[in-house]
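Working notes, beginning with the structure itself.
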Amino acid sequence: AYAELKPENGAYYDGVLEIELDKIKPMIAMPFHPSNAYTIEELQANLMDISTIGTMFDKVESELGAVDLLVNNAGITDKALFLDTDEELFEKIYRVDVKAAFFCMQNACKQMIKHNKKGNIVAISSNHYKAHFAQVTVYGTMKAALNKMVEHVAVEMAKYGIRANIISPGWVDT
């Protein structure tokens with residue numbers, strides 16, 4: 001499936017991860033130029049299966065060129081009480097929210113370094129990394145791990161001109 005990006009639409013993305021629990025698939029967009037419309041190519045990659053991540057990034061590199069922006073928005077928010085959380089739920093959230101995020105960032109950074117590109121990693125986290133809510137012990141823990149991981153990535157990748165930042169949206173009492 002393809003969608004046109006038109007200059008009059010205003011915003012564009014170099015990379016967006018669109019996450020649905022039943023279909024985890026990255027969406028990659030071509031670089032924007034005001035005089036052109038571009039397509040978004042849909043790439044299938046099950047982020048529960050870490051081996052698909054390298055293949056996905058290889059395909060992006062061969063078809064679109066090296067990544068210079070990764071918006072890392074992978075996440076699963078299944079809820080369970082602390083005492084009811086089983087290993088399967090824990091592992092599922094860990095594999096997507098932390099492990100897949102790590103290997104997506106690593107693959108993106110390797111491409112940027114290989115092609116001598118300065119770039120950006122934007123990890124979408126959650127206010128759960130520091131807020132305290134019932135039924136999301138695993139999710140909040142994984143978001144805290146993601147935040148800490150991105151901080152370390154930022155320190156290591158700075159010498160290559162690669163920035164790593166975190167956005168932690170969430171419910172706010174107003």
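The values are calculated or read from the model by the stated rules, or taken from the named source; none is laboratory data. Bear in mind the structure is a predicted one, so any value in this text is a computation, not a measurement. Don't worry about glycine lacking a Cβ; one is built from the backbone with ideal geometry, like all the others, and counts go over all protein chains shown. Note: areas computed on protein heavy atoms with side chains; ligands, DNA, RNA excluded. Shrake-Rupley method; radii C 1.70, N 1.55, O 1.52, S 1.80 Å.
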Q) If each of residue 87 and residue 44 carries a label point 7 Å out from its Cα toward its Cβ, how far apart are those two points in nm? A) 3.0 nm
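Go through 126, 168 and list them by solvent-accessible area, largest first, probe radius 1.4 Å.
On the way: 126 5, 168 45 Å².
These residues rank, largest area first, as 168, 126.
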Q. Per-residue HN-Hα couplings for the stretch 116-123, Karplus 6.51 cos²θ - 1.76 cosθ + 1.60 at θ = phi - 60°, whole Hz, x for Gly and Pro?
A. 6, 9, 7, x, 9, 10, 10, 9
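Give me the percent relative contact order of the stretch 62-174, please, defined on Cα pairs under 8 angstrom at least 6 residues apart.
33 percent
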Q. For the pair residue 113 and residue 171, what calculated FRET efficiency results from E = 1/(1 + (r/R0)^6), where r is the Cβ-Cβ distance and R0 = 35 Å, to the nearest 0.05?
A. 0.40
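With every protein chain present, what is the per residue accessible area of the stretch 36-174 (1.4 Å probe, Å²)?
Numbers: 7800 Å² over 139 residues.
Ligands and nucleic acids excluded, the figure is 56 Å² per residue.
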Q) Between their Cα atoms, which of 79/148; 79/118; 79/159; 118/143; 117/148; 117/143 are more than 30 Å away from each other? A) 79/118; 79/159
